[in-house]
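Scroll down for the structure; my scribbles are underneath it.
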Amino acid sequence: QVQLVESGGGLVQAGGSLRLSCAASGSIFSINVMGWYRQAPGKQRELVAAITSGGSTNYADSVKGRFTISRDNAKNTVYLQMNSLKPEDTAVYYCNADVRVTPLLSPYPYWGQGTQVTVSS
């Protein structure tokens, strides 16, 4: 079994900053891509940012220049530094990781339980 545990969400005023963390644990052989998604009320879940084990990153256009994704491969942990937050960033943020539990199996996507980020105007 693999678990993803998120932390760092909360309430912040517009223009403020938050840092999300997500630690993966359990039967892990390797993790390729780790990422953050978000889902606002009444909207579909969308990719915010992703990072490969080699450090290549991808961002949604709406967060480029404001959010930074990083990871610590030794700790199986991914971070999301969110600066210049806007009310439209309000959502539940979910951590995602493509985990290979053995070298013989294909990677499987695991999800965290989600953490609420609320940005007040």
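No lab work stands behind these numbers, since they all come straight from the coordinates. Source: prediction; values computed, not measured. So basically every Cβ, Gly included, is an ideal-geometry build from the backbone, and we count neighbours across all protein chains shown.
Tabulated values for the structure
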read-out	value
Net charge of Cβ neighbours under 13 Å - reference PRO109; Lys, Arg +1; Asp, Glu -1	+1
Residues ASP61 and VAL101, FRET efficiency given R0 of 30 Å [Cβ-Cβ distance, rounded to 0.05]	0.35
Value of relative contact order over the range 53-111, rounded to a whole percent, pairs C-alpha under 8 Å and six or more apart	20
DSSP-loop chymotrypsin sites (Phe, Trp or Tyr not before Pro) across the range 25-64, with at most 16 other Cβ within 10 angstrom	PHE29
Simple label model, 7 Å out from Cα along Cβ direction - PHE29 to THR68, nm	3.4
Projected label distance in nm at GLN44 and TYR108, using a 7 Å step from Cα toward the beta-carbon	2.6
Exposed-site-free run, longest, the chain (rule: trypsin sites (Lys or Arg not before Pro); DSSP loop; at most 12 other C-beta within 10 Å)	65-121
